Amino acid sequence: MQVDGTNTATTVVVMGVSGSGKTTVAERLAERLEWEFAEGDEFHPRANVEKMAAGQPLDDDDRWPWLRIIGGWIDQREATGRSVVLTCSALKRSYRDLLREGRPSVWFAHVTVDAEVLRTRLEGRKGHYMPASLLESQLATLEPLQPDEAGAEISGAGSPDAVVDGLLTALGGDRPYRPSTDV
């Protein structure tokens, strides 16, 4: 918080479909900025993980509690003025609205990748509960960022460092940010 009581925290929500590189990009961004990082998938209730692992897509009833948990995590960081980076698919506008509601720090970085590249990445991924078979349902659900939403679309086609460079450029053009001063 600043001396005048305004919140200077920024919460970068790295969003997109599975396989877009959200986690890799978010981890590198958090490293560069020396901000706390959280993997949104870790907030999923066990029932959601089991459903996805069984090849069943989540519906809104599955997602709302998960998004509220993430929102609570953001609230805790905002209350202390901490800037953070987290991943969350945030596929629908209504999901993003919930995450942004009453949270001025939230800024979305939508990592976009061509569907064929996504398929290739998911088919080659090991040790993740999200099967490649759910990609089509995610692509069908995805609602891209709208002009009135705080954030930017970032191509995930380049190297992770190049994607982070693009994200930092977009973020810096939209709101000031600085590396963490937390110890």
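I need every pair where a residue in the range 135-153 that is over 15 Å from VAL113 (Cα atoms) has its Cβ under 9 Å from the Cβ of a residue that is modelled with pLDDT under 85 and of a type in the set (Asp, Glu), sequence separation at least 6 or different chains.
If the second residue must be modelled with pLDDT under 85 and of a type in the set (Asp, Glu), the pairs left are ALA150/ASP174; GLY151/ASP174.
Which of the residues belonging to the range 26-35 are open to solvent by 20 Å² or more (accessible area, probe 1.4 Å) and in contact with a helix residue (DSSP H, G or I) (Cβ under 7 Å, 6 or more places away or on another chain)?
Result: ARG28, ARG32.
Identify, please: which residue in the range 46-82 is small (Gly, Ala, Ser) and touching a helix residue (DSSP H, G or I) at 6+ places or on another chain (Cβ under 7 Å) and is, among those, least open to solvent (accessible area, probe 1.4 Å)? It would help to see each step written out before you state the result.
At the first step, the residues of the range 46-82 found to be small (Gly, Ala, Ser) are 47, 53-55, 71-72, 79, 81.
Now narrow it down to the ones that are touching a helix residue (DSSP H, G or I) at 6+ places or on another chain (Cβ under 7 Å): 55, 71.
On the way: GLY55: 30, GLY71: 0 Å².
Once the filter is applied, the top-ranked residue is GLY71.
Please determine whether any residue of the range 6-17 is assigned to a helix (DSSP H, G or I) and of a type in the set (A, V, I, L, M, F, W, C). It would help to see each step written out before you state the result.
Narrowing the range 6-17 to residues assigned to a helix (DSSP H, G or I): none.
The answer is no; no qualifying residue exists.
Report yes if GLU149 is open to solvent by less than 70 Å² (accessible area, probe 1.4 Å), at pLDDT below 95 and over 24 Å from GLU50 (Cβ atoms), otherwise no. Break it down into steps so the answer makes sense when it comes.
Numbers: open to solvent by less than 70 Å² (accessible area, probe 1.4 Å): yes; at pLDDT below 95: no; over 24 Å from GLU50 (Cβ atoms): yes.
Spelling it out, it is not the case that GLU149 is open to solvent by less than 70 Å² (accessible area, probe 1.4 Å), at pLDDT below 95 and over 24 Å from GLU50 (Cβ atoms).
Name the residue that is most open to solvent (accessible area, probe 1.4 Å), counting only residues in the range 91-112 that are part of a loop (DSSP other than H, G, I, E, B) and touching a Ser or Thr at 6+ places or on another chain (Cβ under 8 Å). First the steps, then the outcome.
To start, the set of residues in the range 91-112 that are part of a loop (DSSP other than H, G, I, E, B) comprises 91-92, 101-105.
Next, from what is left, pick out any that are touching a Ser or Thr at 6+ places or on another chain (Cβ under 8 Å): 91-92, 103, 105.
Numbers: LEU91: 0, LYS92: 49, ARG103: 29, SER105: 2 Å².
Among those that are part of a loop (DSSP other than H, G, I, E, B) and touching a Ser or Thr at 6+ places or on another chain (Cβ under 8 Å), it is LYS92.
Inspect all residues belonging to the range 1-15 and state whether any of them is open to solvent by less than 10 Å² (accessible area, probe 1.4 Å), closer than 24 Å to PRO144 by Cα, touching a helix residue (DSSP H, G or I) at 6+ places or on another chain (Cβ under 6 Å) and modelled with pLDDT of 90 or more.
yes
Mind counting the residues in the range 68-90 that are among the hydrophobic types (A, V, I, L, M, F, W, C), part of a helix (DSSP H, G or I) and closer than 26 Å to ALA140 by Cα? Don't jump to the end; show me each part of the working.
Taking the range 68-90 as the starting set, the residues that turn out to be among the hydrophobic types (A, V, I, L, M, F, W, C) are 69-70, 73-74, 79, 84-86, 88, 90.
Remaining after also requiring part of a helix (DSSP H, G or I): 69-70, 73-74, 79.
With closer than 26 Å to ALA140 by Cα added as a condition, the list becomes 69-70.
Residues meeting the conditions: 2.
The values are calculated or read from the model by the stated rules, or taken from the named source; none is laboratory data. Keep in mind that what you see is a predicted model, and the values were worked out from it rather than measured. For neighbour counting, all protein chains shown are included, and Cβ atoms are generated from backbone atoms with ideal geometry for every residue, glycine included. Please note that ligands, DNA and RNA were not included when accessible areas were found on the heavy atoms of the full protein model with its side chains. Shrake-Rupley method; radii C 1.70, N 1.55, O 1.52, S 1.80 Å.
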